[in-house]
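The values are calculated or read from the model by the stated rules, or taken from the named source; none is laboratory data. In this text the structure is predicted, and so the values were computed from the model without any measurement. Using ideal geometry, Cβ is built from the backbone for each residue, glycine included, and neighbour counts are taken over all protein chains shown. SASA here: full protein model, heavy atoms, side chains in, ligands and nucleic acids out. Shrake-Rupley method; radii C 1.70, N 1.55, O 1.52, S 1.80 Å.
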Amino acid sequence: MERTEEIRPYDVVVVGAGAAGMMAAGTAAQRGCRVLLLEKMEKSGRKVRITGKGRCNVTNARPAEEFAAQVRTNAAFFAPAFAAFNNRAAIRFFERQGVRLDIERGERVFPHSGKAWDIANALLGFCVDNGVKILYDTRVTGILTLGGRVFGVKYVNKRGFERKEECPQVILATGGVSYPATGSTGDGYAFAADLGHTIEPLRPSLTPLVSSHPRVRQLDRLLLRNVRATLWIDDAPVREEFGELGFSERGIEGAVALRMSRDAVDALIEGRRVKIVVDLKPALTEEVLRDRIARELAAMGPTEFFGELLRKLVPRPMVLPLAQELDIHSKTYVSKLSEAEIVRLIRTLKGLTFPVTDYAPFEYAVTTAGGVRCDEVNPETMESRRVRGLYFAGEVLDLDANTGGYNLQIAFSTGRLAGMLKK
């Protein structure tokens with residue numbers, strides 16, 4: 001009679017096939033574990049595939065101390081995970097997976113192809129090559145525990161049947177609630193809370209900011225480069241950023257606004273007054289700008305219009321809105337401009353103010369602030385301090401950072417550490 005080899009049970013079930021989940025699953029399998037990866041969507045890495053406008057800012061190549069300064073929440077908690085698998089290690093990892101990378105302005109790292117798919121496919125390949133079993137269209141409904149220890153998961157398979165998989169270890173890498181269409185709908189927070197974990201309040205981070213400025217709609221699709229913006233909360237400046245500021249139907253965005261949004265969102269939730277003050281000419285002092293305007297006026301004919309002067313100072317889409325902001329008709333002859341109007345123009349160019357009244361919802365947020373409280377997780381292992389055998393990785397944790405590749409690195413570092421299944 002032919003003997004059949006008994007199938008070894010899974011050593012670990014990973015919930016969520018995003019950046020953190022695939023890194024965790026592949027790492028555990030690489031170390032000899034039998035791994036089951038459960039994903040409720042029809043494919044892996046849905047959010048990775050759209051990140052960075054489809055280009056995927058993989059990580060940031062800044063030195064460790066500069067990198068740490070960009071982590072907005074629980075940077076000290078993240079430090080051991082980053083030390084174990086830092087940005088240089090992530091770059092080597094993807095290059096070994098066959099993805100050529102480029103380092104661009106701001107030390108941001110992108111795939112040379114410009115395709116986020118290459119990163120998602122590299123992570124998937126890492127899992128497949130190491131023998132990870134992946135089930136798609138599979139929704140986890142609960143984590144099974146007994147005596148303060150994990151013993152498996154419950155899930156509904158693609159046919160709608162409820163199943164149970166017993167295992168001694170589970171890694172929760174379910175993501176946050178940003179971009180919910182990619183499958184990030186907050187399931188992991190519910191599982192963690194059910195198991196006694198504290199969930200820090202969830203709010204959008206790196207999200208567009210909504211302004212009540214009457215002319216903001218006229219600026220739709222405008223991208224301002226090399227501007228300086230200052231975030232004011234109540235009557236105090238709290239954050240200054242330099243770079244790109246954009247406008248869309250979602251609100252004020254671009255790297256400058258997204259980096260400010262973390263503080264702005266918290267302030268708005270607290271009912272505080274928020275505004276962004278934009279210096280359109282940060283390289284010029286008011287005196288130098290006055291001289292520049294004087295030279296432009298001297299070169300213009302007396303019957304040329306004010307709008308033509310503005311065109312020499314700002315992008316064309318800003319000409320009419322700026323004239324309205326100054327309450328000077330764009331067809332006013334430049335020879336009729338008063339000294340008071342010139343002063344008003346200078347001050348507006350150096351301090352165009354946008355009151356911020358709201359923020360874009362999770363659908364447009366790059367990442368989620370809040371999540372599983374980090375002091376309830378061992379930073380050296382990513383294992384829960386409350387439930388043995390339960391590990392966390394990625395956005396489900398109360399960890400978030402500025403835009404620029406930092407949040408994906410958080411996913412890779414915590415996923416790698418969780419996948420090592422240290423005790």
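Let a ≥ b ≥ c be the square roots of the eigenvalues of the Cα gyration tensor of the stretch 279-341; is it rounded (a/c under 1.5), or, if not, prolate (a/b larger than b/c) or oblate? Oblate. Pairs exceeding 23 Å between alpha-carbon atoms, taken from LYS40/LYS422; LYS40/LYS164; LYS47/LYS158; LYS43/LYS133: LYS40/LYS422. Sorted largest first, the principal axis extents computed over the alpha-carbon atoms of the stretch 16-154 equal 49, 33, 27 Å. Normalised by the number of residues in the stretch 301-423, the average gap of Cα pairs under 8 Å and 6 or more apart makes the relative contact order 18 percent. Surface composition of the chain: carbon and sulfur make up 48 percent of the accessible area, probe 1.4 Å. Taken about its Cα centre, the chain carries a charge dipole of about 760 debye when Lys and Arg each add +1 at the Cβ and Asp and Glu each add -1 at the Cβ. Each of PHE67, TYR10, ASN130 was placed along the dipole of the stretch 1-141 (beta-carbon charges, centred on the mean Cα), and the one lying farthest toward the positive end is PHE67. Rule-of-thumb check for the chain: C-alpha Rg over 2.2 N^0.38 Å? Scaled against compact globular proteins, the figure is 1.17. Of the candidates LEU390, LEU123, LEU309, which one comes out as most mobile in a Gaussian network treatment of the chain with C-alpha springs shorter than 10 Å? Among LEU390, LEU123, LEU309, the largest GNM mean-square fluctuation belongs to LEU309. Per residue, the solvent-accessible area of the stretch 1-85 (1.4 Å probe, heavy atoms of protein chains only, all protein chains present) comes to 47 Å². Counted over the stretch 44-110 with a bin width of 5 Å, the fraction of Cα pairs per bin, in whole percents, is 4, 15, 23, 25, 22, 11, 1.
In the chain, a dipole from Cβ-located charges (positive for Lys and Arg, negative for Asp and Glu) runs towards its positive end, and of GLY45, LEU326, LEU313 it is GLY45 whose Cα lies farthest in that direction. If you run the Gaussian network model on the chain, springs between alpha carbon atoms under 10 Å, then out of GLY405, GLY32, GLY188 the most flexible one is GLY32. Shape analysis of the stretch 222-322 yields a ratio of the Cα radius of gyration to the Kirkwood radius, Rg/Rh, of 1.06. Averaging the Cα positions of each part gives two centres, and for the stretch 353-423 and the stretch 37-53 these lie 17 Å apart. Of LEU337, LEU320, LEU222, the residue with the greatest mean-square motion in the GNM of the chain, using alpha carbon springs below 10 Å, is LEU337. Look at the alpha carbon pairs under 8 Å that are at least 6 residues apart: their mean separation over the length of the chain gives a relative contact order of 24 percent.
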